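Engineer: Sharing a structure here in structure tokens format.
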Amino acid sequence: MKAEDIINKTDEIIASASPIQGQVIPLLQAIQKEYNYLPELALQHVHNKTGISYSTILGIATFYSQFRLHPAGKHIIKVCVGTACHVKGAGLVFDAFKRHLKIDAHSDTDQDGLFTIEKVACLGCCTIAPVVQIDEITFGKVSTDKIKDTLEEFINLQLQETTNIKTTSTTLKKEAGEIRIGLGSCCVASGSAEVKKELEASLLRNRVQVDVKQVGCVGVCNQVPMLEIHKPGKKPAFYAKIRPDEVNKIIKKHFRSSNITQHLKNSFYDTFDRILERDIPISTSFYDPNDKDTPLAAFLDGQISIATENRGEMDPLDLNTYKQFGGFKSLLHCLRKMNPDQIIEEILKSGLRGRGGAGFETGRKWKFVSQAQADKKYVICNGDEGDPGAFMDRMLLESYPFRIIEGITIAAFAAGSNEGIFYIRAEYPLAVKRIREAVNKCYDAGLLGNNILNSNFSFHISIFEGAGAFVCGEETALIASIEGKRGLPRLRPPYPAQSGLYEKPTLINNVETLALVPWIISKGADAFKNIGTQNSKGTKVFALAGKINRGGLIEVPMGISIKKIVFDIGGGIQNNKKFKAIQIGGPSGGCIPASLIDTEIDYQSLAQAGAMMGSGGLIVLDETDCMVDIARYFLSFTQDQSCGRCTFCRVGTTRMLEIMDNICSGKAEMNDLQKLEDLALIVKKGSICGLGKTAPNPVLSTLKYFREEYEAHINGKCPTGKCTAMIEYFITNDCIGCTKCVQQCPVDAISFMPQEVHIIDSEKCIQCDACRQICPVDAVITK
Amino acid sequence: MVELKINDKIIQVPAGTTILEAARSAGFSIPSMCYLKGQSNHPSCMICVVKDRKNGSIFPSCAMPVNEGMDIISEDDEIRDMRKQSLELLLSDHVGDCEAPCQLSCPAHMDIPLMNRLIGANKFEEAIRIVKNDIALPFILGYICPAPCENACRRKQINAPVSICLLKRSTAQFSNFEEPKTKPNGKKIAIIGSGVAGLSLAYFLQLYGFSCDIFEKNKEIGGSLRYDISEEILPKRILDIEIEGIKKLGASFYCSSDFNPSFYEEKIKNRYSALIISTGVSTQDFSWLVEVDKNGIVINEKNFLTSVSNIYACGSVVKKQKMAIRTAAHAKQLANIIANIQTEKKQFNSRFAKLTKAELPEYLKESVSNNRNNSIDHLTGFSIQEAIEEAKRCLHCDCRKKDACKLRDYSTLYSAQQNSYNIGSRKEMTKQFDHSFVVYEAEKCIRCGLCVDIASSEKDALGLTFIGRGFNVRVQVPFNAKLEDALKTTALKCIESCPTGALAKII
């Protein structure tokens, strides 16, 4: 790269990328997009040209995980280390990639500069954990023995020519009905994109003309890729877990080909199908939507859809469908029939509390901002969902962009604001894209901009992409990052409602909170209030994942019991293992043991149990999960995400983590438990912001319910064998001598002895678990 | 105006005032390190936490604005504990010596690194002042001290320790030290014995304004220094020089004085405001005067008092001392007690074990690499040039801001322990010397960001920047440029504001 080129390019970027003064992050994002890192020369030029100080530029460039100061490889491998991925071995997967690519401990890029590997907080595809994203392609269920295959598959996908399927001229008779296919991030990672591609090819081949509708997340992540065929007058057909090679059969089954011979064949198959009933396609699950006994029905039973209303029925970016389902009627009603005070009164009456974690009353927040006197006010939709193991906000943003836009517009009208910002983390590219497109469509339709729906109310929305810092979910840190600062939280008061973005009154609501607003306005506060418990009204969306049979996005009434979620909706624990605990609320929350399975979930009961609602990650743990390891995992997350401002959080969480590390590697002593608990209470009491104040919760709650597991570690034993420093791998006499483990072992710790019982050399073994996973007869065990 | 209560005192302050300022204006002291009025980096250190009496919440007072009707407790047991914890957490991430290991191992607690720096700069007159602050007889001890300081010297990890004892002698050798004249206070002290203890006591007490009469049983002054140590170890000439110095201060010596009951009755009793017995290791029995046990005279270890009021004992007569320097140290302590000079409360000291391999070159940045000159003859000692060369071998382990460090002062105040959270491995010291008068030792930094904020708000050249976040955040010069280019106009303000020794003036 020539210096001159960098300077010229940087000039262009400065000219185009920084519309609002002081917004440094978008500028750096644009530079990084160009070079895949931030060249020093470009940063110096930004300083010379804009006068933004070096401490601001470098302070930001090194604060947010997204930015790189050194060139990256051609492709970026992101290994998700979110909770669901963690409990399914993401750490081992990361190590395996590094070994495979021969990347040493101090580096992140292979020698050829082809791949750079990094850990990411959560890609939000928890139901198909462990998840790895290589560039834009997401791979699910990646295990340590599939590293080579995954990379090969990626390279192959790269080589594949993008075959553009052009729709043929519309001389074909258009079939009535439609085909729906879910294209949320999880679905795509599970192969929905390939299914869609095959679907289009198949329609073309069979000369079938029918509407293919991409719908948002159905929530049934455990059953994807899913295809629904709706024909007028007929029962809709659901196909779950389909493979691309099955698509053709399904199409032929449901649609007549325009080709006469094909038609005959189709009739034949139709008859054949009727005989075999549900057995076709063979490997695919076909469900009758009216059948109450299917996993799909059980999953949906007991759920109430408010934020996720009309799930699976709408193309996320089809404004007309949204309107047909009643979309924007609430906004219209607010603008025509209600004044801001009445709206706030209605929200207050509904009992809605913030779904971002702390559960503050939404109506009161609106009231504060509405009452604040200022020439300008802001409304921010907080979509910086960073909890490892939570993907509710991503799903809502991807699937219901118009609903959230409607919600934020109502909030803005009530609060007296004309300017709104969607703050969405950069790890959610699809969410950013959909919101951007939906916002543009709303502008075109007069639903945003000046004089919305011919009223006196004007409202403008811009989008701000977060740059990878969990702490920016905290509202004061979020504001700092928009203002072009390091994402450091500050002490409240003053609250953002009094002095927020650019010191103006600012209303910050979580995505889910805003998604509930249109429903409350259209159905009334009473309808909302009738759902839920005494102090927690309405529904809550949870990301259900972990060791559960049916994971996915669920929306349930407040007050539902843990038991119902885990066993009825979730279908119980995978592989017939024993239910041990749920982890709720992510790194701010805690673990609730199986003994409290009847706990009815609401803000108060969770707090009483030592957990918290958090943003809604719900990870199910079974008897093979080590609770000390889980606590250590969450603590390592918050420690890593601490902004570093206040002593208690910066140093306190680090020292706690060191104690946890010692416990997990058998180096701790019994009095370390007291020290850990004391320090946890100090960090909780003394930290400035919510991150630090809640960081000790996972440790405290596991100490409360699973102290004996901590003690076991101190006595030299990890009861579940999860803490690799404390276990050894052995091969039992069940070994059939197939040598698969030998081929998998990355460090040659198993010698090649065909037909004989193999032996692991403990000295060489790095506990990567590859042998245990590949063994066809479960002969590899840990002690 | 906003009305609030702090420690039950009702005060009124303008809206927007912080609780820290409000409390200070009402006369309550609240510790703070990261806070500087006008800067925006705080809160960070969290030592200024206070409590809201109404809900028990704890928050940093430097960042919390006053609110009508607030009821604040500025300090109680819980707050003190939180402050101590925050200090201990900071200390667990703070590497460096407050005082150098040599000074800490010196029984007289002499400021050895400062002496070395002054000798290195050919400032012997100033160097001996530093020595004589703590050691009355540097010339003599320069011959006989077993030098525990050299055993502690970090230089040992590179080659031989700095020749501290000989350097101390050189300050007496190469200076014409004139003691300041002190106004007599009219009080008289009797000292029995003229060895290291007696001479040292006489030196300090004379300086403090007392007039001392020293009684020696032998014909000549000096006790064991004269009679037990050979000429090859300590030439009599040297002993005489230092005795002469003490005489010059006005002390009177009475030789051939046998301290017995009748002598006591006739010459001492009721004639002096205090009597000090410092006869050294003695076969003499003092049980006719004070309580004794198998070691010697029994004293109260805090104030050197014997069983009789106004009679003190010091040195080997109490318990046999193996090192003259320890006796010298006791003598100074006793002189301070008699003069009623408040000896400081034992100060906090940040310490750490050995230097790592990576730290050696960092420490050598302000030193020289050559080994100790082993050809020095004991009786001849250093030449001026040799002394200067040797002094330059010092690694200057001590902190330049040991007397101006808030972290140290508050750690002393709140009895913070350095090792409470020593769980992981410690960081390795670095020293950045690319500025004409500023040195930056990053591992002493508590990440408060005052310097970053000052340099930025006052638009200094390159300024400083935070790099990274969380536990790994550190303050650095942008793009690894030189400190010289980073701090120009604000260098002094940054040094002065830095609550620790991270940023300090080189000399």
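Engineer: Within region B:14-60, track down each residue that is within 30 Å of the chain's Cα centre (by Cα) and within 14 Å of chain A (Cβ to nearest Cβ).
Structural biologist: Matches in region B:14-60: B:Pro31, B:Ser32, B:Met33, B:Cys34, B:Tyr35, B:Ser44, B:Cys45, B:Met46, B:Ile47, B:Cys48, B:Val49.
Engineer: Give just the number: which of (1) closer than 19 Å to A:Glu711 by Cβ; (2) facing chain B (nearest Cβ under 9 Å); (3) in contact (Cβ under 8 Å) with a residue 40 or more places away in the chain does A:Glu669 not satisfy?
Structural biologist: Failed condition: (2).
Engineer: Could you tell me whether B:Lys219 is within 32 Å of the chain's Cα centre (by Cα) and exposed (fewer than 15 other Cβ atoms within 10 Å of the Cβ)? Steps first, answer last, please.
Structural biologist: On the way: within 32 Å of the chain's Cα centre (by Cα): no; exposed (fewer than 15 other Cβ atoms within 10 Å of the Cβ): yes.
The answer is no for B:Lys219.
Engineer: Can you give me the number of residues within region A:610-639 that are touching a strand residue (DSSP E or B) at 6+ places or on another chain (Cβ under 9 Å) and either charged (D, E, K, R) or without any contact (Cβ under 8 Å) to a residue 40 or more places away in the chain (or both)?
Structural biologist: Here the count works out to 3.
Engineer: Please verify whether B:Ser375 is at pLDDT 95 or above and either part of a loop (DSSP other than H, G, I, E, B) or touching a helix residue (DSSP H, G or I) at 6+ places or on another chain (Cβ under 9 Å) (or both), treating the condition exactly as stated.
Structural biologist: For B:Ser375, the condition - at pLDDT 95 or above and either part of a loop (DSSP other than H, G, I, E, B) or touching a helix residue (DSSP H, G or I) at 6+ places or on another chain (Cβ under 9 Å) (or both) - is not met.
Engineer: Out of (1) more than 14 Å from chain A (Cβ to nearest Cβ); (2) of a type in the set (A, V, I, L, M, F, W, C); (3) within 22 Å of B:Leu355 (Cβ to Cβ), what's the single condition that is false for B:Cys445?
Structural biologist: B:Cys445 satisfies every listed condition except (1).
Engineer: Within region A:499-507, can one find any residue that is surrounded by 17 or more Cβ atoms within 10 Å (Cβ to Cβ), more than 14 Å from chain B (Cβ to nearest Cβ), aliphatic (A, V, I, L, M) and closer than 30 Å to A:Lys323 by Cα? Before you say what the answer is, go through the steps one by one.
Structural biologist: The first filter runs over region A:499-507 and keeps only residues surrounded by 17 or more Cβ atoms within 10 Å (Cβ to Cβ), leaving A:499-501, A:504-507.
Checking the rest, the ones that are also more than 14 Å from chain B (Cβ to nearest Cβ) come to A:500-501, A:504-507.
Checking the rest, the ones that are also aliphatic (A, V, I, L, M) come to A:501, A:507.
Checking the rest, the ones that are also closer than 30 Å to A:Lys323 by Cα come to A:507.
Yes.
Engineer: Considering B:Phe263, B:Phe253, B:Phe286, B:Phe259, which residue is assigned to a helix (DSSP H, G or I) and hydrophobic (A, V, I, L, M, F, W, C)? Give the steps one after another, and end with the answer.
Structural biologist: Working: B:Phe253 fails: assigned to a helix (DSSP H, G or I); B:Phe286 fails: assigned to a helix (DSSP H, G or I); B:Phe259 fails: assigned to a helix (DSSP H, G or I).
Step by step, each of B:Phe263, B:Phe253, B:Phe286, B:Phe259 is checked, and only B:Phe263 is assigned to a helix (DSSP H, G or I) and hydrophobic (A, V, I, L, M, F, W, C).
Engineer: Find the helices (runs of 4 or more DSSP H) located wholly in region A:600-697 whose residues include 3 or more that are under 26 Å from A:Lys580 (Cβ atoms), and list them. I'd like the intermediate steps shown before the answer.
Structural biologist: Numbers: elements: A:603-608, A:627-641, A:647-664, A:671-686, A:690-694.
In region A:600-697, A:603-608, A:627-641, A:647-664, A:671-686 are the helices (runs of 4 or more DSSP H) which contain 3 or more residues that are under 26 Å from A:Lys580 (Cβ atoms).
Engineer: For region B:376-427, what are the residues that are away from chain A (no Cβ under 14 Å) and more than 24 Å from the chain's Cα centre (by Cα)? Walk me through how you get there before you give the answer.
Structural biologist: Here is the first cut: in region B:376-427, the ones away from chain A (no Cβ under 14 Å) are B:376-405, B:408-409, B:412-413, B:415.
Within region B:376-427, B:Ile376, B:Asp377, B:His378, B:Leu379, B:Thr380, B:Gly381, B:Phe382, B:Ser383, B:Ile384, B:Gln385, B:Glu386, B:Glu389 meet the criteria.
Engineer: Just name the residue that is surrounded by the fewest Cβ atoms within 10 Å (Cβ to Cβ) out of those in region A:580-614 that are β-branched (Val, Ile, Thr) and under 16 Å from A:Val628 (Cα atoms).
Structural biologist: Only one residue fits best here, namely A:Ile592.
Engineer: Something else about it: Is it fair to say A:Ala84 is at pLDDT below 90, farther than 27 Å from A:Leu544 by Cα and not β-branched (Val, Ile, Thr)? Reasoning before the result, please.
Structural biologist: Numbers: at pLDDT below 90: yes; farther than 27 Å from A:Leu544 by Cα: no; not β-branched (Val, Ile, Thr): yes.
The answer is no for A:Ala84.
Engineer: Is it the case that A:Leu657 is in contact with a Leu (Cβ under 9 Å, 6 or more places away or on another chain), under 26 Å from B:Arg474 (Cβ atoms) and either touching a residue at least 40 places away in the same chain (Cβ under 8 Å) or away from every other protein chain (no Cβ under 14 Å) (or both)? Give the steps one after another, and end with the answer.
Structural biologist: Numbers: in contact with a Leu (Cβ under 9 Å, 6 or more places away or on another chain): yes; under 26 Å from B:Arg474 (Cβ atoms): yes; either touching a residue at least 40 places away in the same chain (Cβ under 8 Å) or away from every other protein chain (no Cβ under 14 Å) (or both): no.
No, not satisfied.
Engineer: To continue, here is another question. Can you confirm whether B:Glu220 is free of Cβ contacts under 8 Å to residues at least 40 places away in the same chain and out of contact with any helix residue (DSSP H, G or I) (no Cβ under 7 Å at 6 or more places or on another chain)?
Structural biologist: Details: free of Cβ contacts under 8 Å to residues at least 40 places away in the same chain: yes; out of contact with any helix residue (DSSP H, G or I) (no Cβ under 7 Å at 6 or more places or on another chain): no.
No.
Engineer: Also, I was wondering about something else. Since A:Ala72 meets every condition but one in (1) within 14 Å of chain B (Cβ to nearest Cβ); (2) under 26 Å from the mean Cα position of the chain (by Cα), which condition does it not meet?
Structural biologist: Exception for A:Ala72: condition (1).
Engineer: Going residue by residue through region B:464-482, is there one that turns out to be within 14 Å of another protein chain (Cβ to nearest Cβ), over 28 Å from the mean Cα position of the chain (by Cα), more than 21 Å from A:Arg486 (Cβ to Cβ) and surrounded by fewer than 22 Cβ atoms within 10 Å (Cβ to Cβ)?
Structural biologist: Step one: of region B:464-482, the residues within 14 Å of another protein chain (Cβ to nearest Cβ) are B:464-482.
Keeping just the survivors that are over 28 Å from the mean Cα position of the chain (by Cα) gives B:464-482.
The next check asks that each one be more than 21 Å from A:Arg486 (Cβ to Cβ); those that pass are B:482.
Filter again for surrounded by fewer than 22 Cβ atoms within 10 Å (Cβ to Cβ), leaving B:482.
Yes, some residue in region B:464-482 is within 14 Å of another protein chain (Cβ to nearest Cβ), over 28 Å from the mean Cα position of the chain (by Cα), more than 21 Å from A:Arg486 (Cβ to Cβ) and surrounded by fewer than 22 Cβ atoms within 10 Å (Cβ to Cβ).
Engineer: If B:Ser309 satisfies all but one of (1) within 29 Å of the chain's Cα centre (by Cα); (2) more than 22 Å from B:Leu207 (Cβ to Cβ), what's the number of the condition it fails?
Structural biologist: With respect to (1) within 29 Å of the chain's Cα centre (by Cα); (2) more than 22 Å from B:Leu207 (Cβ to Cβ), B:Ser309 is out only on (1).
Engineer: A further question follows. Has region A:572-579 got at least one residue that is among the hydrophobic types (A, V, I, L, M, F, W, C), in a helix (DSSP H, G or I), crowded, with 18+ Cβ neighbours inside 10 Å and modelled with pLDDT of 95 or more?
Structural biologist: Scanning region A:572-579 turns up no residue that is among the hydrophobic types (A, V, I, L, M, F, W, C), in a helix (DSSP H, G or I), crowded, with 18+ Cβ neighbours inside 10 Å and modelled with pLDDT of 95 or more.
Engineer: Another question about this same structure. Quick check: is even one residue across region B:407-422 surrounded by 17 or more Cβ atoms within 10 Å (Cβ to Cβ) and in contact with a strand residue (DSSP E or B) (Cβ under 8 Å, 6 or more places away or on another chain)?
Structural biologist: The answer is no; no qualifying residue exists.
Engineer: If we keep just the residues of region A:626-649 that are among the aromatic types (Phe, Trp, Tyr) and more than 7 Å from every other protein chain (Cβ to nearest Cβ), which is surrounded by the most Cβ atoms within 10 Å (Cβ to Cβ)? Steps first, please.
Structural biologist: Of the residues in region A:626-649, the ones among the aromatic types (Phe, Trp, Tyr) are A:633-634, A:637, A:648.
Adding the requirement that they be more than 7 Å from every other protein chain (Cβ to nearest Cβ) leaves A:633-634, A:637.
On the way: A:Tyr633: 23, A:Phe634: 30, A:Phe637: 27.
Checking each candidate, the answer is A:Phe634.
Engineer: Just for region B:449-463: of the residues that are facing another protein chain (nearest Cβ under 9 Å) and buried (at least 16 other Cβ atoms within 10 Å of the Cβ), which one is nearest to B:Gly38 (Cα to Cα)? If you could, list the steps in order and put the result at the bottom.
Structural biologist: Going through region B:449-463, the residues facing another protein chain (nearest Cβ under 9 Å) turn out to be B:449, B:452-453, B:455-456, B:459, B:462-463.
From the residues that got through so far, the ones that are buried (at least 16 other Cβ atoms within 10 Å of the Cβ) too are B:449, B:452-453, B:455-456, B:462-463.
Numbers: B:Gly449: 13, B:Val452: 13, B:Asp453: 10, B:Ala455: 13, B:Ser456: 13, B:Leu462: 21, B:Gly463: 18 Å.
Among those residues, the one meeting the criterion is B:Asp453.
Engineer: Please go through region B:68-83 and give me each residue that is more than 10 Å from chain A (Cβ to nearest Cβ) and surrounded by fewer than 21 Cβ atoms within 10 Å (Cβ to Cβ), ordered by number.
Structural biologist: Within region B:68-83, B:Glu68, B:Gly69, B:Met70, B:Asp71, B:Ile73, B:Glu75, B:Asp76, B:Asp77, B:Ile79, B:Arg80 qualify.
Engineer: Now a separate question. Checking the structure you have, find out if any residue of region A:407-422 is touching an Asp or Glu at 6+ places or on another chain (Cβ under 6 Å), at pLDDT 95 or above and aromatic (Phe, Trp, Tyr). Talk me through it step by step, then tell me what you get.
Structural biologist: Filtering region A:407-422 down to residues touching an Asp or Glu at 6+ places or on another chain (Cβ under 6 Å) leaves none.
So far as region A:407-422 goes, no, none of its residues is touching an Asp or Glu at 6+ places or on another chain (Cβ under 6 Å), at pLDDT 95 or above and aromatic (Phe, Trp, Tyr).
For (1) part of a loop (DSSP other than H, G, I, E, B); (2) within 21 Å of A:Gly216 (Cα to Cα); (3) in the same structural domain as A:Gly552 (by TED's automatic domain parsing); (4) modelled with pLDDT of 95 or more, each residue gets a yes or a no:
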{"position": "A:Lys265", "(1), (2), (3), (4)": "no, no, no, no"}
{"position": "A:Asp270", "(1), (2), (3), (4)": "no, no, no, no"}
{"position": "A:Gln303", "(1), (2), (3), (4)": "yes, yes, no, no"}
{"position": "A:Glu313", "(1), (2), (3), (4)": "yes, yes, no, no"}
{"position": "A:His333", "(1), (2), (3), (4)": "no, no, no, yes"}
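Engineer: Right, here's the next one. Condition first: modelled with pLDDT of 85 or more and surrounded by fewer than 19 Cβ atoms within 10 Å (Cβ to Cβ). Now tell me which residues in region A:768-781 satisfy that.
Structural biologist: A:Pro776, A:Val777, A:Asp778, A:Ile781
Engineer: Right, here's the next one. Which numbered condition in (1) crowded, with 20+ Cβ neighbours inside 10 Å; (2) assigned by TED's automatic domain parsing to the domain that holds A:Val757 is the only one that A:Asp734 fails?
Structural biologist: Status for A:Asp734: all satisfied but (1).
Engineer: Also, quick follow-up: Can you list the helices (runs of 4 or more DSSP H) lying wholly within region A:370-488 that have 2 or more residues being away from chain B (no Cβ under 14 Å), surrounded by fewer than 24 Cβ atoms within 10 Å (Cβ to Cβ) and of a type in the set (D, E, K, R)? Reasoning before the result, please.
Structural biologist: Working: elements: A:392-399, A:401-415, A:429-444, A:475-482.
Result: A:429-444.
The values are calculated or read from the model by the stated rules, or taken from the named source; none is laboratory data. All values derive from a computational prediction rather than experimental measurement. Every residue, glycine as well, gets a Cβ built from its backbone with ideal geometry; the counts of neighbours run over all protein chains shown.
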